[in-house]
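The block underneath contains the structure these notes are about, expressed in structure tokens.
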Amino acid sequence: MLPIAVWGTINSIIPFELTRHLSRRIARDVDQYDTTKVLLGMLLFISFWSVQTAVVYRLLGTWWAAGYLASIVIAAPFALQMRKEYRIILDNLKIFFLFLRRKQLRDYLTCKRREIEVELARLVRIVKRLPSVQTAKTSKTSVNSTPAP
């Protein structure tokens, strides 16, 4: 998967970065950012891939150009997925080293987690004792258990 992702990154890094930077500048509001990113991405990726495929066609011919276009269309999603995985790994490493450096933070969060679990268990017990929950359960059971006419 890594070689495919590298191939996709090499052939798509320029339109990807242009899309990322231009969409931030063009979008006037947070709500417009995603729409701008999609529209710019479609325009830039199609434009760049068309130019790249035309160059391969000029240099190597029709079959190489078709293979090249197919390869970048397949490899680009792999590149995006690897980028997401890379970010997740970096975030996890940052958190890991934060906990290594600050043992008291880990202990504090562990204590808070236990408190939340105890509170959640207490709330579940309260909800189970409520008459409306009991009535809803029995009405569902009685509706499901009645034979069809």
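Of all residues in region 8-32, those that are more than 22 Å from residue 51 (Cα to Cα) have Cβ atoms under 7 Å from Cβ atoms of residues that are surrounded by 13 or more Cβ atoms within 10 Å (Cβ to Cβ) and among the β-branched types (Val, Ile, Thr), 6 or more apart or on another chain, in 26/36; 27/36. Of the residues screened, residue 114 is not one that is under 30 Å from residue 96 (Cα atoms) and at pLDDT below 85. Flag: residue 67 matches the condition of being without any contact (Cβ under 8 Å) to a residue 12 or more places away in the chain and of a type outside the set (Asp, Glu).
Just so you know, in region 70-93 the residues that are of a type in the set (S, T, N, Q) and modelled with pLDDT under 85 include one that is nearest to residue 7 (Cα to Cα), and it is 81.
The values are calculated or read from the model by the stated rules, or taken from the named source; none is laboratory data. For clarity, every value in this text was computed on a predicted model and none was experimentally measured. Note that we place each Cβ from the backbone using ideal geometry, even for glycine, and neighbour counts take in every protein chain shown.
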